[in-house]
Amino acid sequence: MEYATNQYALILGVSSGFGKATAIELAKLGYNIYGVHLDFGSNKEKAEEFCRYLQNTGVRARFFNANAADDQKRAEIIQAIKEDFKNYEDPQLRVFLHSLAFGAIKKFFSENPEEMATKKQIEMTMDVMANSLIYWVQDLFKEKLLGRNARIFAMTSIGSQRAMMNYGAISAAKAALEAYIRQIAVELAPYRVTANAIMAGLTDTPAAQKIPGFKRMLEYAREHNPFNRNTVPEDVAKVIAKLADENFYWINGQTIAVDGGESILNFIEHPS
Ligand SMILES: NC(=O)c1ccc[n+]([C@@H]2O[C@H](COP(=O)([O-])OP(=O)(O)OC[C@H]3O[C@@H](n4cnc5c(N)ncnc54)[C@H](O)[C@@H]3O)[C@@H](O)[C@H]2O)c1
């Protein structure tokens, strides 16, 4: 049985992939976990089971099954955390992770207009995968919930710098997300709060499986990764758990690749 501390983490996208792995890793360190996810049917049950699993490790865990991009839901969740905090001794929200995967995987251009990403889809992608980061951090700040030494992380991908078929809207969201992280880093440094984007290597998760040709991309990445394997969510979770250490505040506003070196390679093979 692990022990709970007065430290809390709030994880958007807690039920799967990087969010889930990070919740497990932080709970091992005694962090109590607040999680937001959007799941239905059997995935909703799995998320509830995961919340109980965390509680059984000895920490407090409370999940909210809600659209994290909904203003009303965000306000309600933040109020619920505020209310909870009244019951605890010196609670510190130390980690906030934005790990939401919910975007339009579509081309911008096609001879079949049905295949083209619409304004609504592009705006929805920007809202969930980028803009919501700012609204959450603004509200946490306004409500004075961000503790001194709080660490903000947002999950990004190589798509912020490179073009990929069907990934245009998400690429734009990732570029915006990294810009938002830099801005948060600058504006919140006086409060001893840091922000960094984590650029994970290609990882087999439910969201990534929706990208057409993902299996082939995964194999290619594995073959070319210097470690000859793909990134797994636990690789990222371990890094976040270390960076959450209060001594590491000098790493601020960066996009940190956590991919075994995958992103430094030139993926175009030269004939030997
Ligand atoms: N898998 C990869 O290869 C990869 C690589 C780099 C970056 N990323 C990024 O990591 C992040 C997490 O992706 P993942 O691969 O762990 O996906 P995942 O499918 O495993 O997890 C996504 C999580 O987001 C939640 N979610 C989605 N939309 C939501 C919404 N509107 N409100 C609340 N919760 C919502 C889901 O319930 C789930 O918990 C994404 O931003 C993704 O772009 C993924």
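Structure summary
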read-out	value
By average C-beta atoms within 10 angstrom, highest first, the peptides 116-125, 10-19	10-19, 116-125
HN-Hα J in Hz across the range 123-135 - Karplus 6.51, -1.76, 1.60, θ = phi - 60°, x for Gly and Pro	5, 5, 5, 4, 5, 6, 8, 9, 4, 4, 4, 5, 5
Distant-in-sequence amide H partners of T255 (H built 1.01 Å from N, under 5 Å)	A197
In the range 188-243, the trypsin sites (Lys or Arg not before Pro) that fall in loop regions by DSSP, at most 14 other Cβ within 10 Å	R192, R229
Nonlocal amide H pairs with A200, under 5 Å, H built at 1.01 Å	T156, V258
Crossing angle, helix 233-243 versus the chain [Cα axis fit, 0-90 degrees, rounded to tens]	50
Label point distance in nm, A66-Y53, each placed 7 Å from Cα along Cα→Cβ	2.4
Within a Gaussian network of the chain (alpha carbon springs, distance under 10 Å), most fluctuating of Y34, Y180, Y249	Y249
Residue among E143, E89, E49 with the largest mean-square fluctuation in a Gaussian network model of the chain, springs linking Cα atoms under 10 Å	E89
Segment R216-K242, extension gain: residue separation times 0.36 nm, minus the distance between their alpha carbons	6.2 nm
The chain, helix-only ellipticity at 222 nm - DSSP H runs n ≥ 4, -39,500 (n - 2.57), divided by all residues, nearest 500	-12500 deg cm²/dmol
Convex hull of Cα atoms in the range 151-272, direction-averaged projection (nm²)	8.4
Non-local Lys pairs in the range 1-101, i.e. 8 or more apart or on different chains, that have alpha carbons under 17 Å apart	4
Shape category assigned to the chain from the gyration tensor of Cα positions, a/c cut at 1.5	prolate
Derived scalar couplings ³J(HN,Hα) [the range 189-198; Karplus, 6.51 cos²θ - 1.76 cosθ + 1.60; whole Hz; x for Gly, Pro]	4, x, 9, 6, 10, 10, 9, 9, 9, 10
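Just so you know, all these numbers are worked out from the coordinates, no wet-lab data involved. Please read all numbers here as calculations on a predicted model, not as lab measurements. Neighbour counts run over all protein chains shown; Cβ positions are idealised from the backbone, glycine included.
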